[in-house]
């Protein structure tokens, strides 16, 4: 029975590590060419403006519960292997879950952090707005742009490029 439990724990650890690896692959670019499922088939208002300032920024995710949960499960499984008695294993599982949750959150946050730009855009009607997006399109100050205010996000791209994927 002990061999089966150790195999199950090893399989769970391997599955958890695979889940954290998948989290890295799911990271979006936050860019002008990225779309979400909720934005498909929806209308967007497009306005013309001019970039008056652009600044490189780091885009960090707000929080990632999946990364924290995966880390907590992995930490709990690993921690439950510490100690000889039931009380020691339970304490190890709790400590492992807490530490694993923190580590999983940080790993997920790190793999989902992207570089981007904060654009200050003058729409010529007295309205000036800052829009942050991923670095898939770099737009210099003085460039005339289209700004799409969609249901899923706001996007900026140079007017001279037209509306296309980058």
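The values are calculated or read from the model by the stated rules, or taken from the named source; none is laboratory data. Just so we're clear, the structure is a prediction, and the values are computed from it rather than from any experiment. Please note: Cβ atoms are built from the backbone with ideal geometry, for glycine as well, and neighbour counts cover all protein chains shown.
If you go through the stretch 117-166 and keep only what is without any contact (Cβ under 8 Å) to a residue 40 or more places away in the chain and at positive phi, you end up with 126, 162.
Taken over the stretch 88-136, the residue count meeting the criterion of being at pLDDT below 80 and in a strand (DSSP E or B) is 0. Does residue 49 satisfy being at pLDDT below 70, surrounded by 12 or more Cβ atoms within 10 Å (Cβ to Cβ), outside any loop (DSSP other than H, G, I, E, B) and over 24 Å from the mean Cα position of the chain (by Cα)? Spelling it out, it is not the case that residue 49 is at pLDDT below 70, surrounded by 12 or more Cβ atoms within 10 Å (Cβ to Cβ), outside any loop (DSSP other than H, G, I, E, B) and over 24 Å from the mean Cα position of the chain (by Cα).
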